[in-house]
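Below is one structure, written out as structure tokens; comments come after it.
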Amino acid sequence: MTSMTLRAPQAGRSNALHAGAWWLWALGLAAAASRTTNPLLLGMLVGVAGYVVAARRTDAPWARSYGAFVKLGLLVIGIRLVFSTFLGSPIPGTHTLFTLPEVPLPGWAQGVRIGGRVTAEQLVFALYDGAKLATLLICVGAANALANPARLLKSLPGALYEAGVAVVVAMTFAPNMVADVVRLRTARRLRGRPTGGVGAVLQIGLPVLEGALERSVAVAASMDARGYGRTARVPPSVRHTTTALTLGGLLGVCAGSYGLLAAEGAAYGLPVMAGGLVAALAGLRLGGRRSVRTRYRPDAWGVRAWLVAGSGAAVAALMIWAATADPEALHPGVIPLVAPEFPLWPAASVLIGLLPAFVAPAPPVVKETPQ
Amino acid sequence: MIRFENVSVSYDDAAPPVIRGVDLTVPEGELVLLVGPSGVGKSTLLGTVSGLVPHFTGGTLRGRVTVDGRDTRTHKPRELADLVGTVGQDPLAHFVTDTVEDELAYGMESLGLAPDVMRRRVEETLDLLGLAELRDRPIATLSGGQQQRVAIGSVLTPHPKVLVLDEPTSALDPAAAEEVLAVLQRLVHDLGTTVLLAEHRLERVVQYADQVILLPGAGEAPRMGAPADIMAASPVHPPVVALGRLAGWTPLPLSVRDARRRATDLRTRLADAEPGAVPHPAPSRNRGSAPDPAPQTPERLTASGTPQDPARPAFEDRGSGGGAHSFGKGRVGEKLARLLGRRRPEPPSAEATGTGTGTTEATPTAVATVTALGVRRARVEALRRVALTVSPGETIALMGRNGAGKSTLLAALVGMIEPTSGTVTVGGRTPHRTRPRDMVREVGLVPQEPRDLLYADTVAAECAAADSDAGAEPGACRALVADLLPGIQDDTHPRDLSEGQRLALALAIVLTGRPPLLLLDEPTRGLDYAAKSRLVGVVRELAARGHAIVLATHDVELAAELAHRVVILADGEVVADGPTAEVVVSSPAFAPQTAKILAPQKWLTVTQVRDALGGTTA
């Protein structure tokens, strides 16, 4: 009985995990990935993200993006290897695999090399580096697949709501435009013209844009007729304060980040930035008063959301700590070429990232129609 | 509730106003139907109620429109949003969010209603419109009827006093249209909502209307009155009204039920007459000409304009061909032919039959053959074991609810879709393996949105392109356009044409390749009765010339007018296939009004009845 009550409930509108929790979890994994080049740990991170996606993703269109991100990651590794092979690498190595003909370059291009000796060390280094980047991408892909983008935008503060609507409408436009392209391509076939080629693209492009424009006008009319953009009356003093806070806050953030980046301004950078951020957030909050909107069933941030977000944060924190405690294990050397060791504790901490696969509400089981 | 005070709207200062002299009042709690031919400003009139005209569309509004006391000149659409709910023709252009529940809540969110009120109203609306099962579904995955119901629900949640709908059922199959209309009726009866709707398909809505506003022509003043009174003189009217006018019933019946009560007399008068004895193309071919079956010579066909390739083996020696033809006269013969698992004997074209001097006694080979066709998209089986044979001169109506696979079947016939199993043969070729350039000479498809076929800036350029695409001699397409669409200027932009004219232009372009097989996907969407009857004339003419025509349609009246055979698809399978009268008369959803009124007699159209009555009285 207890095992039944402990199991995650089926996801519905009411208990859906906050989209922000998924992003925090995925960003935690990504932060962990950015601290290591150990292929074993990176592989574990990808495995953890993949397992959670497999266990908790829905049938929604965005849920399919995970596969695309995995392919993108492999492509990044491939490109990194190809560049390393042809453009050489600053990594000195002794294990020469093969030698490409080197392109002689003039003196001013010193330091640039095309072709030449390719060593095992440089390839392994490129592989580690590419794998790190690929893992970051795959973590982002996992968040994309798990979090409903529309719900994420709904969680924006009221003042940013209109920007959020624009993004949601744009997102629903993309599939419509794809459908338009398909329809117009088939229409070309009906007229006896080939469906591919430059001519087809040019001829289809204009009607597709025209269709998109017409649809956006129609959606705008619909939104207008349904009360979009209704505003509440706000006293002028509040309006002015809002403007001052937002502008001042943004200026502060700019100055603060400059201070942080420049070597001499580190002392005042942090407080200025923090102050600017607070002012900007207050401005946004005050700006929200103009909007009369209310929210229908916003996602609640509950215990499960804390657990999911916390598991990502824990992985990131433990990995950052491990990177300072045991840098060798997390960055296996390539000179001399050694097999990467398997650091037990960092690996165990990565496994914490599996928590969402057990605590997040499970997507409803879709019954397969018998064929 | 809605007051129009001497309203006129013009979009261009120089041009005459689109609507003029509108001076009427729509009372609270009534369902008012707005009728009139295409292009008389129905949508403009509806737009003035929600304030979209002129605030959103531009133009000049003279006079005054007040809704529940609020003047639309001083109130923008968003300030009327709590009072007026508007749903346009295309529900997809209406949606702002991506799931059903969010869409229902969107309007209330904009108005700033309290969360608990929103939650309650969403639940109520889900139940009211029967959408509870669909609450989490992405809107894009819903069927047309479901989308239309969601669109109506999304404007209902703010509890508007007025609902404005522009052709809410024209894209829907008969069953889905019933769903939507039932909802509207419920709103009027139970909630006292005032509903103002424009619709071309009067046969679906006129019986629900409390009052009718007729816009007789562009810029003419509207007339408002009780439905029966307006229908008595309206240029647009459903078949039930046409039949009522023909039989001289007063007051005019507006529903099938009313008409049936009065029709006893008419049924006895018609009892002796045969529906087949009217110039409906289907029976005409099997009548009288049967003993002299189908001596169809290629020369004759080419002379009469049939694009039949003389080199193709046009005949097929079938032992039972002649026999089936002589049986084809009576119902027994048809039944026998069906029992034998055969299609109707391939009907030769009417002209060819009349002037038969040929020597071969055979039926012409099928234009298209589909056997055991299966089409699968990802996990969805769009079509399953579909078999269909299309003969020259035959018109087939493909019917079935939205998503039943009608468009998929048409797409397979033109080669846009590769069959997963089974075979498709059109004119001896396999469509999806044939180059598009060659295929246009075998089969032509006019898609649901005829505009997709049009790329050029002018009608002339479009025609020139069509000639070169199809390899026809220059001027061929222009001649067809002149034929189908008389009086159109060369330099007209296709965008400026009306729906009906655009359909005719697309049809001319497709016919330039002289395909023996012509496919029409939902040809009557958005057409008024006048444009529809022109289409009927054109299609009959083409069929008489020997074109085989397959039309996918929801319009039962159109199918009754045109089709020799009706094929009903459900869930990707053929569930009925037979002569129109037999398939359609017994079906509650697909029977035309005339058939419903005069059942069990097999009359399909008012024209048939008129001719039969004319015959008996003369």
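The values are calculated or read from the model by the stated rules, or taken from the named source; none is laboratory data. Treat the numbers as computed from the prediction; the structure is a model and nothing was measured. Quick reminder, even Gly has a Cβ in these numbers, built from the backbone with ideal geometry, and neighbours come from all protein chains shown. Just the protein is used for accessible areas: all its heavy atoms, side chains included, with ligands, DNA and RNA removed. Shrake-Rupley method; radii C 1.70, N 1.55, O 1.52, S 1.80 Å.
Some points to look at:
- Whether the stretch B:1-42 is rounded, prolate or oblate, judged on the alpha carbon gyration tensor where a/c under 1.5 counts as rounded: oblate
- Using alpha carbons only: equivalent-ellipsoid semi-axes of chain A, gyration tensor based, whole Å: 40, 32, 28
- The fraction of Cα-Cα pairs per 10 angstrom bin, counted from 0 for the stretch B:2-235, comes to 8, 33, 37, 18, 4, 0 percent, rounded to whole percents.
- For the stretch A:26-99, dividing the convex hull volume of the Cα atoms by the residue count gives 128 Å³ per residue.
- Helical segments meeting 30 Å axial Cα length and Kyte-Doolittle -0.5 threshold in chain A (DSSP H): A:65-87, A:120-146, A:161-190, A:197-225, A:236-261, A:266-287, A:303-325
- Near A:Ala221: Cβ cut-off under 13 Å, other residues only, Lys/Arg at +1 and Asp/Glu at -1. The net charge is 0.
- Estimated from helices alone, the mean residue ellipticity of chain A at 222 nm is -21500 deg cm²/dmol (sum of -39500 (n - 2.57) over DSSP H runs with n ≥ 4, per residue).
- Gap separating the Cα centres of the stretch A:289-325 and the stretch B:244-273, nearest whole Å: 71 Å
- Isotropic mean projected area of the C-alpha convex hull, the protein assembly as shown (nm²): 53.3 nm²
- Rounded to 0.05, the FRET efficiency of the B:Ala530 and B:Arg379 pair, given R0 = 41 Å and the Cβ-Cβ distance, is 0.40.
- Cysteine residues of the protein assembly as shown whose Cβ has no partner cysteine Cβ closer than 4.7 Å: A:Cys139, A:Cys254.
- Contact residues in the stretch A:266-302 by the 50 Å² criterion (accessible area, 1.4 Å probe, full protein complex versus chain alone): A:Arg293, A:Thr294, A:Tyr296, A:Arg297.
- Added length on full extension, which subtracts the Cα-Cα distance from 0.36 nm per residue, A:Arg117 to A:Ala362: 82.9 nm
- Modelled spin-label separation between A:Ala348 and B:Glu541, with each label point placed 7 Å from Cα along the Cα-to-Cβ direction: 8.7 nm.
- Buried surface between chains B and A: roughly 4700 Å² of accessible area, summed over both sides, computed with a 1.4 Å probe on protein heavy atoms only.
- For the pair A:Leu250 and A:Val338 in one chain, pulling the backbone fully straight at 0.36 nm per residue adds 26.8 nm over the alpha carbon distance.
- Put A:His18, B:His189 in order of accessible area, highest first, and with a 1.4 Å probe you get B:His189, A:His18.
- Partner aspartates and glutamates for B:Lys596 [C-alpha distance under 18 Å; skip if fewer than 8 residues away on the same chain]: B:Asp173, B:Glu178, B:Glu203, B:Asp258, B:Asp265, B:Glu274, B:Asp555, B:Glu557, B:Glu561, B:Glu582
- Semi-axis lengths, Å, the stretch A:236-290, gyration tensor of Cα atoms, sqrt of 5 times eigenvalues: 26, 8, 6
- The Cα atoms of the stretch A:89-220 give a gyration tensor whose axes a ≥ b ≥ c have a/c of 1.5 or more with a/b no greater than b/c, which makes the shape oblate.
- Note that the protein assembly as shown presents 44 Å² accessible area per residue, ligands and nucleic acids not counted, probe 1.4 Å.
- Förster radius 45 Å - calculated FRET efficiency between B:Glu124 and A:Ala200, Cβ distance, rounded to 0.05: 0.35
- Mean per-residue shielding of peptide B:54-61 is 1, counting Cβ atoms of other chains within 10 Å of each Cβ.
- Alpha-carbon Rg/Rh ratio, for the stretch B:476-618, with Rh computed the Kirkwood way: 1.01
- Segment B:Thr430..B:Ala114, full-extension length gain: 107.7 nm, with 0.36 nm per residue of separation and the alpha-carbon distance subtracted.
- Spacing of the two label points (7 Å from each Cα toward its C-beta) at B:Leu246 and B:Asp457, in nm: 4.9 nm
- Scoring B:132-139, B:252-259 by mean Cβ neighbours within 10 Å over their residues and listing the highest first yields B:252-259, B:132-139.
- Candidate cross-link partners of B:Lys42 among the aspartates and glutamates, defined by an alpha-carbon separation under 17 Å and a same-chain spacing of 8 or more, comprise B:Glu5, B:Asp23, B:Asp90, B:Asp166, B:Glu167, B:Glu199, B:Glu220, B:Glu499, B:Asp528.
- Cα gyration tensor category, rounded, prolate or oblate, for the stretch B:486-530 with a/c compared to 1.5: oblate
- Across peptide B:107-116, the average count of Cβ atoms from other chains found within 10 Å of a residue's Cβ is 6.
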